[in-house]
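Step one of this worksheet: look at the structure below.
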Amino acid sequence: MDSLLKEINMLPGVFGCFVYTGNQELAAAKLPPIFKENTIHTMGNLLTRALKMGSMANLDLAVMEFKFDVSLLIVKPLEQGSILVMVCEPAVNKSLINMTIAMLIGDIQTEINRAPAQAQAQAAAPPQPAAAAAAPPEEAPKKQQEAEIDADLAPILENIKEALAYAIGPVAGQVMRDLIGTWAQQGPTTRQQLPALAILLCQEINDKELETNFMSQIKPLF
């Protein structure tokens, strides 16, 4: 769930978001520190009640918006009374948000449905010995691959990822992770080799105008 909310937070103009269930439980939250847990619960309770009132009035609400002076709350109803709440700038690109939510909403609902089953399984499972908490062997190759990336490239790659998010939306983080692995297999991962990474990313964008805008943003980083 956290990774899905992080993708939403990558959208320009989105301050944070959270998922609140119909059982008045906070499923997950990615919000600035100013939002304390009790504040989020209060918001969740009020918003789920507003949706229930709409249902009682035979209003099939696809989305609710609450506009304030410095922020905009966008509330997306989910199944079984759950909601996805996004805290945004008033002038946020709603079309981009709607497109992103349409892509992610199925996975978000799956995570909500899976949570009770996981909790029951954990309660029923016998306690594991401390030695069982060791990292699984499959983690080793990933760490080794990360170690091969020059440390001084980290801020540059982060800037490239932000530029990519403007072109393809919230999937930019996953695309970057996948293509950095491909890029690392091509040779040394140095600043001089960043154009090769840019070519891979442009192939993923697959739109001439967006590719041009993307390259104009990242070219000064090379």
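Please go through the residue pairs 6/219; 36/161; 94/208; 52/94; 52/76; 30/219 and name each one whose alpha carbons sit more than 20 Å apart in this structure. Intermediate values should be presented prior to the final figure.
Values: 6/219 26 Å; 36/161 29 Å; 94/208 24 Å; 52/94 24 Å; 52/76 13 Å; 30/219 31 Å.
Among 6/219; 36/161; 94/208; 52/94; 52/76; 30/219, the Cα-Cα distance tops 20 Å for 6/219; 36/161; 94/208; 52/94; 30/219.
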Between the DSSP loop rule and a limit of at most 10 other Cβ atoms within 10 Å, which chymotrypsin sites (Phe, Trp or Tyr not before Pro) in region 22-92 are left?
68
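Order of 52-60, 161-169 by packing, highest average Cβ count within 10 Å first? It would help to have the intermediate numbers written out before the result.
Numbers: 52-60: 9.7, 161-169: 18.8.
Those peptides, ordered most packed to least, come out 161-169, 52-60.
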For residue 28, what residues show an amide H to amide H distance below 5 Å, using hydrogens built from the backbone and excluding near sequence neighbours?
19
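Values in this text are rule-based calculations from the coordinates and carry no lab data. Here the structure is a predicted model, which is why all the values come from computation and not from measurement. Neighbour counts are summed over all protein chains in view; Cβ atoms, including those assigned to glycine, are modelled from backbone coordinates with ideal geometry.
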